[in-house]
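Derivation of every value follows stated rules applied to the coordinates shown; laboratory data play no part. Computed from a predicted model, the values in this text were never measured in an experiment. Neighbour counts are summed over all protein chains in view; Cβ atoms, including those assigned to glycine, are modelled from backbone coordinates with ideal geometry.
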Amino acid sequence: MSLQAPLEFEITRLGAAGDGVAAGADGRPVFIPFALPGERVQARITGKLGDGQAAELTGLLQAAPERVAPPCPFFGRCGGCAMQHMAIPPYAAWKRARLQEALSRAGYPDATVAEPEVTPPATRRRADLGVRRVDGVPVLGFHGRGSGAVVDLTTCVVLDPALVALFEPLKKLLRGLACFRREASVVLNLLDTGPDLLLRLDGEPSTADRSLMADFARAHGLPRIACAPLKGMVSENVAQIGPVSIALGGVPVAPEPGAFLQATPQGEAAIVAAVLAGLPAKLTAKARIADLYAGLGTLSFPLSTRARVAAFESATEAVSALDVAARKSGGRVIATRRDLSRQPLTVKELDAFAAVVLDPPYAGAADQMPALARSAVQRIIYVSCNPVALARDARLLQAAGWQLQVATPVDQFLWSTQLEAVAVFSRGK
Ligand SMILES: C[S@@+](CC[C@H](N)C(=O)[O-])C[C@H]1O[C@@H](n2cnc3c(N)ncnc32)[C@H](O)[C@@H]1O
């Protein structure tokens, strides 16, 4: 295939994936990664993309004042970050504008959108890394930009240094494991008790593998190493050196291997603060709050400082960790295992609560929304990790007469295109 000659473009805006967008010769949009609004660039068209064309940046003719030097040597190749070439204030403004657009699509064009909470570098406490064996040598890192290939990382500016420090030792461990043949993945969760490691492997750990992993856990201060098949759900603890624990709202919880955690402590604090601020100012002694898609109770325990909480979650291991922690912490949180897609809470059930907090997975809460929209709860507080799903779900609330009080963008995946938000809905002003 012959390469297209580079053409000149003026970048007018940023697209949802962080690409600079220019008008092509035929008027259709051209998406150019790593280009910023106001810049004049040279780029080569590489193919179709949606209703426009994809291009690769080949030259910068005039740089925007917002352009900065990316702090990471892997930026551009590693798919973990997309926006390190942009200064933080305009980057934060872009994330805020994306939330505004999503809410506008939902029928709230004049939504009050707070300033984004942008979490600092070197704070991400959860990493899901790919591993490949290339000529016998493990390559470990995030996936490459737009490819399934793994970028061999030696450093990372977004992850907590305690996790980055494990990159090279982990590669050494994996090199000697017979149960790692060609492909694996590594989930690292930085808990209060140290890094918790889940290895997803394409082979069964032998006795020798287990002993290597136990030595590794001791040498590097990991309380636990668990293994699971690459595509499987059930994990097995192969090394348990000490207890695992993380405090959520001050309550110690023992998460399962690879458990969902909010990505950074700062992001968690910002989400919790926005959720608590969204509750009705006055709650009676009898008032109850529902926490839907509760996970380990990240929101349930802080909410329990304001009222009794009924927490609903479908993942068996998460709900049992939440249940154990809740019982020990005084019983203001009651955890129930419930699949809210198959069995959403009914309007009658919802009406027993003063407020409903929901923090659904990436796909959103399509099955739960119709009953929520019809319910008589005072507040619905929607914690979203996907503006597209938020726009779709909020549209139902808008159509049912709900007003949007305020939405707070939370950027805990610094320099990525991901966006989290807390949106507070009520029936009246
Ligand atoms: C974005 S996480 C939020 C967890 C928790 N609120 C937190 O802040 O840590 C979404 C949670 O929804 C749960 N989940 C996914 N699908 C579900 C369903 N159909 N019914 C109930 N819970 C579900 C997941 O297991 C996960 O714990």
* Largest-first ellipsoid semi-axes for the chain, taking √(5λ) over the Cα gyration tensor eigenvalues, angstrom -> 36, 33, 17
* Beyond 18 Å, what share of the Cα-Cα pairs of the range 126-244 is found? Please give it as a whole percent. => 47
* **Long-range HN-HN contacts of Leu419 with modeled amide H, under 5 Å** => none
* Asked: Among Pro109, Gly176, Leu197, which residue has its Cα positioned farthest towards the positive end of the charge dipole of the range 87-223, with +1 placed on the Cβ of Lys and Arg, -1 on the Cβ of Asp and Glu, and the dipole taken about the Cα centre?
  -> Gly176
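How do 33-45, 118-130, 136-148 rank on mean C-beta neighbours within 10 Å, highest first? The partial results should precede the final answer.
Numbers: 33-45: 21.0, 118-130: 19.4, 136-148: 15.6.
With the highest mean Cβ count within 10 Å placed first, the list reads 33-45, 118-130, 136-148.
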* Around Leu248, which amide H atoms from residues at least 5 apart in sequence, or from another chain, sit under 5 Å from its own amide H, with H modelled in the peptide plane? -> Val253
* Asked: In percent, what relative contact order does the range 1-153 have, based on Cα pairs under 8 Å that are 6 or more apart in sequence?
  -> 15
* **Label-point separation in nm, Ser314 to Asp26, each point 7 Å along Cα→Cβ** => 4.1
* To do: Report the relative contact order of the range 155-214, percent, no decimals, based on alpha-carbon pairs under 8 angstrom and at least 6 residues apart.
  => 33
* Would you calculate, for the chain, the mean residue ellipticity at 222 nm contributed by helices, counting each DSSP H stretch of 4 or more residues as -39,500 (n - 2.57) and dividing by all residues, to the nearest 500? => -7000 deg cm²/dmol
* Asked: Dipole size in debye (nearest 20) for the chain around its Cα centre, Lys and Arg Cβ +1, Asp and Glu Cβ -1?
  -> 820
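Could you compute the FRET efficiency for Ala162 and Lys231, with r as their C-beta to C-beta distance and R0 at 25 Å, rounded to 0.05? Numbers along the way, then the final one.
Working: r = 29 Å, r/R0 = 1.14.
Given R0 = 25 Å and the Cβ-Cβ separation, E is 0.30.
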* Förster radius 45 Å - calculated FRET efficiency between Ile88 and Gln240 (Cβ-Cβ, nearest 0.05) -> 0.65
* Among 64-70, 249-255, the order from most to least packed when residues are scored by Cβ within 10 Å on average -> 249-255, 64-70
* Modelled FRET efficiency - R0 41 Å, Val134 with Arg327, Cβ distances, 0.05 increments -> 0.30
* **Space enclosed by the convex hull of the alpha-carbon atoms of the range 7-62, per residue, Å³** => 63
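Ratio of Rg to Rh for the range 328-429, alpha carbon only, Kirkwood? Could the numbers behind the result be given before it?
Values: Rg = 14.2 Å, Rh = 14.5 Å.
Here the Rg-to-Rh quotient is 0.98.
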